[in-house]
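*Asks:* One structure coming up, written as structure tokens, with questions to follow.
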Amino acid sequence: MSSVQTLHLGRLSDNKWPGKLSAEDIFVDALQIASQLDGYYVTTQPSAKTRCIDGRHDPALDENNLGPQVPAGAPGAALAYRLGIDKDDLTRGTFYDDALMMIESYLRLGLMPGGHRDDDADDVSVGCGAIDGVDNVLAHMIDPSLVEDHKRLVKTLLGDDFNRDHYLRVLGAGLVLSSRSSGYFSGRGEILDLLESKAPHSVSRLKGHHQEGIVIINFVPDTTLASNRFASDHGGMQAFGYDLWRSKQIARTLFPLPSQGLDRERFVMARVMLTIATLMALTDGSLQVLVRVPVDEELTES
Ligand SMILES: [Zn+2]
């Protein structure tokens, strides 16, 4: 039997990050939230669409039919693949083609992709900060002034699974890719149209303003945050929810062979690195972090 423990990791950073969202002027009782967090986690449904970490209100959200949360939903996995796995020349390819490949892989493997727009989506921006700002995400990941913070957080989340060689490999791939960032990301505005055409009804439309005041990283398999209810019970304060277990599951599904261990590790590394960089692009580093982990009762009792 296993139970769940929620740990408080303090603020994302004591440095100022480039993102706009701040919890500097709001009181967030993270320990209180941690003590009641389990009540806001529900079992994921395999047939439900993958969601973004975005904490905003989804009017169509059905708490009994929730998919896991990862940055930019399924298209976000495409960039992790490009940086961590792809053996092609990094100077070729586009985010659009990589997203197409990833969406098709999801569908072939029986995983439900997903993504979202928002109220303000237009011809220029799709409304998902992790897609609209993906060039910034990449730029922050390789920014020398942010790299210490970045590495510290990736290490904290991956623990014993942190591999320095993988970290440096993805960082290097990010640097090479950034040299042609505008070309690589040029078709990103069409990615959600692509997703809609490949997987009808997989794109949500989120409403209202960003009011994320806390970050929750979830390691407990097959569970996810009931984000609408969390926000409505916390005075409108939303949470960025990242289901890290999902990235590990995707890695196992995309690279199932025993000989693909390196690819699995590199994919998870790239996904976690991009998640931290996404938080750097969206927040000023002042949000507190909770980590939800499974605890093996037999181990803790003995
Ligand atoms: Zn998003």
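The values are calculated or read from the model by the stated rules, or taken from the named source; none is laboratory data. None of these values were measured; they are calculated from a predicted model. Here Cβ is always computed from backbone atoms with ideal geometry, including for glycine, and neighbour counts include all displayed protein chains. In case anyone asks, the SASA skips ligands and DNA or RNA and just uses the protein heavy atoms, side chains included. Shrake-Rupley method; radii C 1.70, N 1.55, O 1.52, S 1.80 Å.
*Asks:* Might you check whether a residue that is among the aliphatic types (A, V, I, L, M), assigned to a loop (DSSP other than H, G, I, E, B), farther than 20 Å from residue 73 by Cβ and open to solvent by 30 Å² or more (accessible area, probe 1.4 Å) occurs anywhere in segment 141-152? Break it down into steps so the answer makes sense when it comes.
*Replies:* In the first step, residues of segment 141-152 are kept if they are among the aliphatic types (A, V, I, L, M); the result is 141-142, 146-147.
Subsequent filtering for residues that are assigned to a loop (DSSP other than H, G, I, E, B) retains 142, 146.
Adding the requirement that they be farther than 20 Å from residue 73 by Cβ leaves 142, 146.
Retained after the next criterion (residues that are open to solvent by 30 Å² or more (accessible area, probe 1.4 Å)): 142.
Yes, the conditions are met somewhere in segment 141-152.
*Asks:* Looking only at segment 82-111, count how many residues are part of a loop (DSSP other than H, G, I, E, B) and either within 16 Å of the ligand (Cβ to nearest atom) or closer than 19 Å to residue 186 by Cβ (or both).
*Replies:* Within segment 82-111, residues that are part of a loop (DSSP other than H, G, I, E, B) and either within 16 Å of the ligand (Cβ to nearest atom) or closer than 19 Å to residue 186 by Cβ (or both) number 8.
*Asks:* Here is a further query. When you scan segment 228-238, do you find a residue that is on the phi > 0 side of the Ramachandran plot and open to solvent by 20 Å² or more (accessible area, probe 1.4 Å), even just one?
*Replies:* Yes, because at least one residue in segment 228-238 is on the phi > 0 side of the Ramachandran plot and open to solvent by 20 Å² or more (accessible area, probe 1.4 Å).
*Asks:* What is the residue count in segment 163-198 for residues that are within 30 Å of residue 61 (Cβ to Cβ) and either touching a Gly at 6+ places or on another chain (Cβ under 8 Å) or without any contact (Cβ under 8 Å) to a residue 24 or more places away in the chain (or both)?
*Replies:* 6
*Asks:* Among the numbered criteria (1) in a loop (DSSP other than H, G, I, E, B); (2) open to solvent by 60 Å² or more (accessible area, probe 1.4 Å); (3) not small (Gly, Ala, Ser), which one does residue 196 miss?
*Replies:* (1)
*Asks:* So, in segment 36-56, exactly how many residues are over 25 Å from residue 194 (Cβ atoms), touching a residue at least 12 places away in the same chain (Cβ under 8 Å) and either open to solvent by 70 Å² or more (accessible area, probe 1.4 Å) or hydrophobic (A, V, I, L, M, F, W, C) (or both)?
*Replies:* 4
*Asks:* Might you let me know whether segment 113-127 holds any residue that is touching a residue at least 24 places away in the same chain (Cβ under 8 Å), on the phi > 0 side of the Ramachandran plot and aliphatic (A, V, I, L, M)?
*Replies:* No, every residue in segment 113-127 fails to be touching a residue at least 24 places away in the same chain (Cβ under 8 Å), on the phi > 0 side of the Ramachandran plot and aliphatic (A, V, I, L, M).
*Asks:* If you take the residues of segment 124-135 that are out of contact with any Ser or Thr (no Cβ under 9 Å at 6 or more places or on another chain) and not β-branched (Val, Ile, Thr), which of them is nearest to the ligand (Cβ to nearest atom)?
*Replies:* Of everything passing the filter in segment 124-135, 128 is nearest to the ligand (Cβ to nearest atom).
*Asks:* Oh, and also: Output yes when any residue across segment 211-220 is over 29 Å from residue 109 (Cα atoms) and open to solvent by 10 Å² or more (accessible area, probe 1.4 Å), and no when none is. Lay out the reasoning, then the answer.
*Replies:* Initial filter on segment 211-220 (over 29 Å from residue 109 (Cα atoms)): 211-215.
Imposing the further condition that a residue be open to solvent by 10 Å² or more (accessible area, probe 1.4 Å) reduces the set to 211.
Taking every residue of segment 211-220 in turn, at least one turns out to be over 29 Å from residue 109 (Cα atoms) and open to solvent by 10 Å² or more (accessible area, probe 1.4 Å).
Yes or no, residue by residue, for (1) away from the ligand (no atom under 16 Å from the Cβ); (2) within 19 Å of the chain's Cα centre (by Cα); (3) of a type in the set (Gly, Ala, Ser):
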position	(1), (2), (3)
36	yes, no, no
42	yes, yes, no
73	no, yes, yes
80	no, yes, yes
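*Asks:* Tell me, please, whether a residue that is over 21 Å from residue 273 (Cβ atoms) and surrounded by 20 or more Cβ atoms within 10 Å (Cβ to Cβ) can be found in segment 175-190.
*Replies:* No; the residues of segment 175-190 include none that is over 21 Å from residue 273 (Cβ atoms) and surrounded by 20 or more Cβ atoms within 10 Å (Cβ to Cβ).
*Asks:* For segment 199-230, what are the residues that are of a type in the set (Val, Ile, Thr) and closer than 13 Å to residue 66 by Cα? Can you show your working first?
*Replies:* Taking segment 199-230 and keeping what is of a type in the set (Val, Ile, Thr), we get 203, 214-217, 220, 223-224.
Scanning segment 199-230 gives 223, 224.
*Asks:* Taking the residues in segment 113-123 that are within 16 Å of the ligand (Cβ to nearest atom) and farther than 13 Å from residue 52 by Cα as candidates, determine which candidate is farthest from the chain's Cα centre (by Cα).
*Replies:* 122
Residues are listed down the side, and each one gets a yes or a no for (1) closer than 16 Å to residue 96 by Cα; (2) aliphatic (A, V, I, L, M):
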site	(1), (2)
166	no, no
173	no, yes
195	yes, yes
215	no, yes
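*Asks:* Among what's in segment 9-22 and is closer than 12 Å to residue 282 by Cα and among the small types (Gly, Ala, Ser), pick the residue that is surrounded by the fewest Cβ atoms within 10 Å (Cβ to Cβ).
*Replies:* Result: 22.
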